[in-house]
Structures are given as structure tokens and as C-alpha cells.
Amino acid sequence: MTIYLEFEKPLAELQSRIVELRKSAETSTVDISAELGKLEAKADRQMRDIYARLTPWQKTLVARHPQRPHFADYVAGLIEDFTPLAGDRAFADDRAIIAGLGRLRGRPVAVIGHEKGADTASRLKHNFGMAKPEGYRKAIRVMQLASRFGLPVVTLLDTAGAFPGVEAEERGQAEAIARATAACLELDVPLVAAIVGEGGSGGAVALAAANRVLMFEHAVYSVISPEGCASILWRTADRAPDAATAMRITARDLADLGVIDRIVPEPLGGAHRDPAVAIAALGDAIDDELARLETLSAEELRMSRRRKYLEIGAA
């Protein structure tokens, strides 16, 4: 059953009527196909209208939708023979970041990404996708392994940000994020990053200093959450919608600013409404970008990343 967001309430009511009609059609001798067709066409028009004019805050809610595909779904749909690699070889294994090796449409790759979890138990297990220092150090280890064996790296970003707890700070959260960012920039192999949901703060940037940054149509990417920004600027999280607009966190805004390189379209109504289509579209985009990058030398890959990030925001 689809979970409807607040701004989708009119659509939810219409879809509920369609479901009731379909149930009636199973037991009734009266032909109601014409009426059902009209309602379905109206629901389709309404969804297109709603999603054609989403505000940045509404896109944030779509990006956080609990039924949106997560890292495990992308791995299951795109990566063959995935073998996870656990631990940072220093302290522990952080379940908020999953990393491993596999094949993307026949191409050997290293895959690293945030896993938020799909239900209460898995969300707690993966700490809601908020990584601790050992998660970023695990990512560094796998990136260096990939570079040593000439494997392209694919990262999938979906986190509200790095874990802000005391224990993370005690173990060097800022240093781990900085080193992960540096590891991305120093790679000798192609690196493609994809923001598949919520790309929040340094916790996302640590895995996104890539040659090519892709972003789903309804994903968001920002230095701080809208609620956090609103709490700082206006001392109330109630102004989060205003903050979302001011920060320019949508894919279209970020493409215009040169922060991301490619927008990946989503199925009508968001990736959660047809995960298989969304996952396939992302796979096509990543495959296309890797094919282009594989023609570059190690030095060209490093220099292209350097130029890319030095030019962001330049007049």
C-alpha cells in the first residue's frame, strides 16, 4: 500500500475511490469500466499536475519517502555477485555505510553507499543511514582497494548527514569525513556518485567528490537539512519550507549551479511508485557515465575532478 504525503491527499482520496470501484466490479454485473477509466485518467492528470509543480520542501518529503528504494534495492537490481566488505580494520563495522565488490552489467565495480533501512528494525540496525567515523574509514579502504585493482567506484548517497553523537566526535568524525573526501579526489579510477534520496551535509559529500555526480529528479542535496537551517536562521524548524527554497537544494537548481552533472528522471509520482523503473534508469545513467570515463587516464581522472570542484561557484 502506497503511503501518501500531505500534499498528495486529494490524490489519495481519488485513488481510494478507484480501489473501491475495482472491488465492486469484481462482484457486480453492472459494467463500470467507463466510470473507472474516467477516474483513472483524472488521477493520472492530478498526479502529473502535483509533481509538475513540487516546491523544494515537497521534493524533500519525496526524497525522504519511507518506501523510496534504498541501497539494498539498488544492489539487488543492478549489481551481480555483490560481495560486501566489512569493517575499517581499525575499530568496527559501521552498518550505515555498505561497501563491496560486484558487477554492474558485466563491468567489475566497487559499490559504496548509505543504507537507511526499510523498517524499524533495519533502520536501527543501519542507524538511519547516519555513518560514524568507522563507516567513512571503511569507504576509504574499499576505494583504495578498487584503485589498486583498477575497478571503477560507484557511490550511492542517501543520508540526512553523518552521525552527530558524542562517540562519533570522540573517534574523529570530521577527520574521517575529510579523509574520505580526499580519497575520492585522489582515486586513479573513475568515480561516479549518485544522490538517490537525501544528500545531507558532509556525510554525503564525503562520498560524492566524483568525476560525475548524478541526482534523481526528486532527490535533494544540501549542506544542512532545511529544518537545521531554519533553526539557525529563524530559531524555529517551522520555517523549513522557506529554508528549502532559499538553499536551492533541488536537482534542477544544483544542475544550474554546476554542483551536479546529470539529472536522472523518476517514474511519475517518485521512485517509490515504481522502484524497478527508477533503478533501471539509474543503472543506465551510471553505465553511460562509466563508459565515457573509462577512456581517461588516471592523471586525467584526477585533474578532471580537481577542475570540477575548483570551478564550482567561480564567477
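Quick notes on this structure:
- Any hit, the stretch 160-172, residues being crowded, with 24+ Cβ neighbours inside 10 Å and part of a helix (DSSP H, G or I): no
- Conditions (1) surrounded by fewer than 20 Cβ atoms within 10 Å (Cβ to Cβ); (2) in contact with a Ser or Thr (Cβ under 8 Å, 6 or more places away or on another chain); (3) not in a helix (DSSP H, G or I): number failed by residue 193: (1)
- Selection within the stretch 98-112 - within 23 Å of residue 202 (Cβ to Cβ) and in contact (Cβ under 8 Å) with a residue 60 or more places away in the chain: 112
So that you can scan it fast, the table gives a plain yes or no per residue for (1) aliphatic (A, V, I, L, M); (2) touching a His at 6+ places or on another chain (Cβ under 6 Å); (3) modelled with pLDDT under 95:
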residue: 237; (1), (2), (3): yes, no, yes
residue: 246; (1), (2), (3): yes, no, no
residue: 249; (1), (2), (3): yes, no, no
residue: 252; (1), (2), (3): no, no, no
residue: 264; (1), (2), (3): yes, no, no
residue: 272; (1), (2), (3): no, yes, no
residue: 275; (1), (2), (3): no, no, no
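- When the stretch 147-190 is filtered for residues that are touching a Ser or Thr at 6+ places or on another chain (Cβ under 9 Å) and at positive phi, only 161 remains.
- Residue in the stretch 215-223 that is touching a strand residue (DSSP E or B) at 6+ places or on another chain (Cβ under 9 Å), in contact (Cβ under 8 Å) with a residue 40 or more places away in the chain, surrounded by fewer than 22 Cβ atoms within 10 Å (Cβ to Cβ) and part of a loop (DSSP other than H, G, I, E, B) present: yes
- Cβ-Cβ under 7 Å pairs, at least 6 apart or on other chains, the stretch 1-25 side within 17 Å of residue 51 (Cα to Cα), far side among the hydroxyl-bearing types (Ser, Thr, Tyr) and part of a loop (DSSP other than H, G, I, E, B): 11/4; 12/4
- Put simply, of 245, 295 the only residue that is hydroxyl-bearing (Ser, Thr, Tyr) and in contact (Cβ under 8 Å) with a residue 12 or more places away in the chain is 245.
- Residue within the stretch 8-23 that is out of contact with any Phe, Trp or Tyr (no Cβ under 8 Å at 6 or more places or on another chain) and either in a loop (DSSP other than H, G, I, E, B) or hydroxyl-bearing (Ser, Thr, Tyr) (or both) present: yes
- So residue 64, is it in contact with a His (Cβ under 9 Å, 6 or more places away or on another chain), closer than 19 Å to residue 3 by Cα, of a type in the set (Lys, Arg) and in the same structural domain as residue 167 (by TED's automatic domain parsing): no
- Among residues of the stretch 117-128, those that are within 12 Å of residue 162 (Cα to Cα) and in contact with a Phe, Trp or Tyr (Cβ under 8 Å, 6 or more places away or on another chain), counted: 1
- Residue within the stretch 201-214 that is in contact (Cβ under 8 Å) with a residue 60 or more places away in the chain and either surrounded by fewer than 21 Cβ atoms within 10 Å (Cβ to Cβ) or of a type in the set (Ser, Thr, Tyr) (or both) present: no
The values are calculated or read from the model by the stated rules, or taken from the named source; none is laboratory data. What you are looking at is a predicted structure, and each value in this text was computed from that prediction instead of being measured. All Cβ positions, even for glycine, are placed from backbone atoms using ideal geometry, and neighbour counts span all protein chains on display.
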